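What follows is a set of notes on a single structure, which appears directly below.
Every number in this text was worked out from the coordinates using simple rules, so none of it is lab data. Please read all numbers here as calculations on a predicted model, not as lab measurements. Cβ: placed from backbone, ideal geometry, glycine included. Neighbour counts: every protein chain shown.
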Amino acid sequence: MKPLLMVGWALSFGLIFQAKAETIGDFAKLNRLSQVIRGHGPTQGERAELETALRLGNGARFLETKTDQYLASDQHAFKMRVRLEELFRLKTAARLLGREGGSPSLFESEYHEKNALTYLFTEMGRQNRSWDDLLIAKDYRLFPSERFAVIQGIGVNDYGFMAALIPDLKSLSGTYSSELSNETHRDVRFSGNDPRVAGAITTSRFMTRFVTTGLNKNRKRAAEVFRVFLCDSMSAAIPSTEGKDDQIFDLMLPHDQSMTENEIRTMAQQSDSLHGSRPDCNACHFKLDPMGRTFLTSPFALSAQASPGALSFKRGQQIVKVPVKGIGELGAAITQQPEYVSCQVDHFWSWFMGSRHKLSDARRAQLSAEFDRVGRRTNDFIKILLKQPEFFELGRLMSEAEIRAQHVKTFLKKCQDCHKDQYNSNSDDGSFPDFTKWPIGGSADEMARWTRKISRAMDLAHDGESPVMPPRTAPWRTSLREVNLLKSWIADGAPDETGRRTVAP
Amino acid sequence: MKLAISILLLTMALGLHSQASFRGGYKSPQDLLLSLKEKFNGISGSSCDSLSDNDRAAMGDQNMQTGEPFADEPGAAFVTVWSTCLNNYSYNLFYSTDTSPELLAKRTQIVREIMAPLLAGVVDEQVLKAMTTVMVPASEAEREAYIAHLMRWVLGTDEEIQAYGRMTDPKQYRQDLMRHVFPPGVSAYAMEGTRQALLILLKRDEFLMYQ
């Protein structure tokens with residue numbers, strides 16, 4: 001088997017495929033619909049049905065009916081839930097239920113099956129809910145799950161989490177109350193303008209996944225909201241160490257594994273005084289801190305008291321600042337931003353089309369309008385995507401150069417995630433060029449200059465031994481594999497997707 | 001292992017994906033197991049009925065801290081996990097000694113689907129017995145038709161297979177696979193060759209990927 005695998009790996013860099021404007025046949029269409037919506041291929045029976053439909057000249061209608069059926073299936077609801085769990089960086093479902101007969105059984109997650117967030121995620125596809133509900137829903141199904149309540153003593157279940165807002169949940173200080181264990185769940189609804197609740201955000205599972213500390217001041221939560229809903233990743237926050245599960249890990253590792261208790265305390269004091277004064281900190285923290293304040297009263301359980309804050313970010317050179325009375329208003333404010341809409345369109349695009357097809361600005365704008373036109377409803381928008389010409393296109397093999405360029409850009413995006421918010425004292429206007437847009441800096445000369453700078457910053461000459469980038473304050477380090485990738489790419493003249501050198505070697 | 005058919009699975013990362021998982025179009029760990037479950041519905045996958053943390057990583061689940069998959073493409077760890085799952089299912093289908101009536105009925109139904117061309121005329125009660133004694137057809141044409149049937153059962157029609165862009169010549173592939181699992185001129189029981197063919201087909205990218 002060994003030599004075989006190597007052949008496989010060698011091929012992996014040679015062959016990938018990419019769109020060619022040729023449409024696939026009806027059987028392949030059925031297969032693709034089934035795979036993408038349900039996660040597995042069509043059944044033998046469905047193939048036979050398609051055969052009959054084709055004979056009768058009803059192929060197109062049959063595929064449409066199947067699409068509706070697939071979108072109404074448990075598998076689709078489950079897949080949307082897993083997609084959302086991945087998007088939110090939550091642990092995805094794990095256990096396959098041994099249900100025999102009928103449709104293949106679905107997974108149940110270890111800890112999180114019965115909780116308000118998982119339930120909402122599943123409902124997005126099952127009920128064709130408006131995507132905005134992730135930010136503005138005021139209705140929940142709460143579960144008194146004991147299991148979730150006791151994880152390391154720091155989790156709170158849905159009942160404990162909401163107890164301050166619903167007094168008869170009788171829970172003590174946000175922990176599980178065994179008095180209520182005979183109830184399987186409870187449906188609750190808050191008023192449409194309640195500033196304290198905001199869909200997926202104000203759930204126990206979200207808050208315990210992204211914990212806060214006195215030092216953190218809810219910045220981690222704010223960073224997640226920016227990443228998921230506005231596609232603004234502030235790369236600083238997340239240690240790239242192999243991840244263990246959820247909350248415990250994050251509690252143990254505030255920012256940098258190697259920091260001592262004392263250093264953390266000093267940093268906390270320093271950083272509070274530094275914030276807003278040092279431009280390099282403020283680049284991210286003018287976004288994170290005002291949003292973090294809306295979580296202030298709810299470190300673990302949700303507070304009965306809304307906490308004011310603001311949505312604040314940069315649009316081009318302009319600062320957008322929307323003051324809000326609490327998380328509820330924050331969620332609503334986010335859904336009104338065009339950045340939110342295009343970000344969600346991007347998520348859907350990558351789920352249903354993949355990275356094979358780049359979404360152009362014009363197409364993104366067009367699809368954003370469609371997203372609005374269908375009331376931002378989950379399945380209705382998916383159906384629109386499935387009707388796009390790209391969905392049924394036949395693939396073609398992608399070249400080695402394309403794959404390599406894609407890998408390099410994936411890496412450089414991590415640098416970009418920080419630089420886009422930074423002040424560069426070495427440039428006249430304080431800006432950085434985007435390393436993922438080639439030629440970097442806009443010309444061959446600039447490209448050459450920047451690859452030299454990158455090479456020096458990463459210390460590629462010494463295999464990345466003493467890099468200055470990413471800076472020590474960033475919590476991730478370049479892996480040896482990434483060093484080698486960049487080193488050989490630059491040595492080969494930084495070839496682009498067509499394999500053409502952008503820099504003389 | 002010089003056979004072209006064996007360059008199956010793995011690693012030709014498709015530039016598209018429907019869910020995280022490995023980069024490219026490979027299925028998520030959940031969907032990989034579900035796809036098997038769909039084929040062998042009612043049969044136990046033993047250790048493959050749930051995902052351990054190690055299996056998740058091997059199968060390309062994302063690292064929750066970084067949001068990136070643990071591995072860019074299926075590697076040796078994936079092969080190990082996946083082969084174990086395929087062995088579990090195929091063993092439990094063909095060789096199980098469990099005599100519970102529900103399981104026997106399930107096995108009968110699935111074996112009948114898989115070996116249909118060889119079991120025409122065999123009554124349900126006899127299927128599990130017949131599967132162990134039925135011979136590989138003598139004529140090359142019948143063998144090829146049987147292999148075509150197996151390919152369709154696992155991967156779908158030629159049109160579906162070709163839409164993945166991996167296999168350009170399904171006819172040639174069928175020939176190669178046929179010679180591999182049913183060597184010409186050798187007369188043998190069909191079951192083990194069938195199982196081997198399934199193990200190979202279930203490792204193809206066309207089974208492991210969304211589109």
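At a glance:
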{"quantity": "Computed E for residue B:171/residue A:488 - FRET, C-beta separation, R0 45 angstrom, nearest 0.05", "calculated": "0.70"}
{"quantity": "Least to most buried among B:85, A:231 (fewest other Cβ within 10 Å first)", "calculated": "A:231, B:85"}
{"quantity": "Residue-averaged beta-carbon neighbours from other chains (10 angstrom radius) around B:54-63", "calculated": "2"}
{"quantity": "Semi-axes of the equivalent ellipsoid for the stretch A:400-491, Cα gyration tensor, largest first, Å", "calculated": "19, 17, 13"}
{"quantity": "Scaled radius of gyration (Cα, divided by 2.2 N^0.38 Å) that the stretch B:2-208 gives", "calculated": "1.06"}
{"quantity": "Percentage relative contact order, the stretch B:99-174, counting C-alpha pairs under 8 Å, at least six apart", "calculated": "23 percent"}
{"quantity": "Pairwise Cα inverse-distance average, inverted: Kirkwood Rh of the stretch A:322-429 (Å)", "calculated": "16.9 Å"}
{"quantity": "Net length gained if the chain between residue A:423 and residue A:339 were fully extended (0.36 nm per residue, minus Cα distance)", "calculated": "28.0 nm"}
{"quantity": "Stretchable slack from residue A:373 to residue A:497, in nm (0.36 nm times residue separation minus alpha-carbon distance)", "calculated": "41.1 nm"}
{"quantity": "Degrees between helix B:190-201 axis and first principal axis of chain B (Cα, 0 to 90, nearest 10)", "calculated": "20 degrees"}
{"quantity": "Distance (nanometres) between label positions extended 7 Å along Cα→Cβ at residue A:49 and residue A:22", "calculated": "3.0 nm"}
{"quantity": "Net lengthening on full extension, residue B:192/residue B:68 (0.36 nm per residue, minus Cα-Cα)", "calculated": "40.7 nm"}
{"quantity": "Likely footprinting exposure, A:161, A:286, A:229, fewest C-beta neighbours within 10 Å first", "calculated": "A:286, A:229, A:161"}
{"quantity": "The stretch B:94-205 - Debye-derived log10 I(q)/I(0), Cα point model, q = 0.15 Å⁻¹", "calculated": "-0.67"}
{"quantity": "Inter-site label distance for residue B:52 and residue A:191 at 7 Å from Cα along Cβ, in nm", "calculated": "5.4 nm"}
{"quantity": "All lysines inside 19 Å of residue B:171 as judged from Cα atoms, apart from same-chain residues fewer than 8 positions distant", "calculated": "B:2, B:203"}
{"quantity": "Reach of residue A:314 by Cα under 25 Å, taken over lysines that are not fewer than 8 positions away in the same chain", "calculated": "A:217, A:220, A:287, A:325, A:358, A:409, A:413, A:414, A:420, A:437"}
{"quantity": "Cα-based Rg and Dmax for the stretch A:375-417, where Dmax is the largest Cα-Cα distance (Å)", "calculated": "16.1, 41"}
{"quantity": "Gyration tensor (Cα) of the stretch B:93-159, equivalent ellipsoid semi-axes in angstrom", "calculated": "23, 15, 9"}
{"quantity": "C-alpha long axis of helix B:140-154 to longest principal axis of chain B, angle in °", "calculated": "40 degrees"}
{"quantity": "Likely footprinting exposure, B:102, A:224, B:160, A:370, fewest C-beta neighbours within 10 Å first", "calculated": "B:102, A:370, A:224, B:160"}
{"quantity": "Values of log10 I(q)/I(0), in the order q = 0.18, 0.31 Å⁻¹, for the stretch A:338-392 under a Debye, Cα-only, solvent-free model", "calculated": "-0.50, -1.59"}
